[in-house]
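Asks: A single structure is presented below for examination.
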Amino acid sequence: MKCPVCGNEMEEGGLLIDGVAPGWIPMEQFEKKGLERLVHTGLRTIGKTNLLLGQTKVPNAFFCKTCNKIIGVFDITNHLED
């Protein structure tokens, strides 16, 4: 995959998260501070969590050595109603 920032080839890999699964929230919620941000009920999580190891694996992440950036195309693992 070509880097959208510099155009160089990117290295394919994945993300390994220790602890809590990563998730996406809308910008208006993301910009809130403290407890206001924590009460969001529409978190869209990504990755497959192994509770025994306490890790979440997220495939389809690409690293650009030139820009030192990671980009990815991630499947949502929970499907909430809008």
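Asks: Just give me a number: lysine pairs in the chain, eight or more positions apart or cross-chain, with C-alpha atoms less than 20 Å apart.
Replies: Pairs that pass both the separation and distance tests number 4.
Asks: Just to be sure I understand the model, the point goes 7 Å from the Cα along the line to the Cβ. What's the resulting LYS33 to ILE71 distance in nm?
Replies: Reported label-point gap for LYS33 and ILE71 is 3.4 nm.
Asks: Let me ask something else. For a quick check, take a GNM of the chain with Cα springs below 10 Å and name the residue from THR45, THR66, THR56 with the largest mean-square fluctuation.
Replies: Taking springs between Cα atoms under 10 Å, the residue moving most is THR66.
Asks: Here's another thing I want to ask about it. Of the options PHE74, ASN60, VAL5, report the single residue whose Cα projects farthest towards the positive end of the charge dipole of the chain (beta-carbon charges: Lys, Arg +1; Asp, Glu -1).
Replies: So the residue we want is VAL5.
Asks: Counting Lys +1, Arg +1, Asp -1, Glu -1, what net charge surrounds ASN8 among other residues with beta carbon under 12 Å of its beta carbon?
Replies: Around ASN8, the surrounding residues sum to +1.
Asks: Right, something else. How much net charge surrounds CYS64 when only other residues with a Cβ under 10 Å from its Cβ are counted (Lys, Arg +1; Asp, Glu -1)?
Replies: +1
Asks: Now, a different point. About the Cα centre of the chain, how large is the charge dipole given +1 on each Lys and Arg Cβ and -1 on each Asp and Glu Cβ? Please answer in debye to the nearest 20.
Replies: 200 debye
Asks: Relative contact order, percent, of segment 11-72 when contacts are C-alpha pairs under 8 Å separated by at least 6 residues?
Replies: 45 percent
Asks: List the equivalent ellipsoid semi-axes of segment 1-64 in whole Å, largest first, each obtained as the square root of 5λ for an eigenvalue λ of the Cα gyration tensor.
Replies: Equivalent-ellipsoid dimensions as semi-axes: 26, 19, 8 Å.
Asks: Over segment 43-82, what is the mean sequence separation of C-alpha contacts under 8 Å (at least six apart), divided by residue count, expressed as relative contact order in percent?
Replies: 45 percent
Each value in this text was obtained by applying a stated rule to the coordinates, not by laboratory testing. Predicted model only: the values in this text are computed from it and were never measured. Every residue, glycine among them, receives a Cβ derived from its backbone with ideal geometry; neighbour counts consider all protein chains shown.
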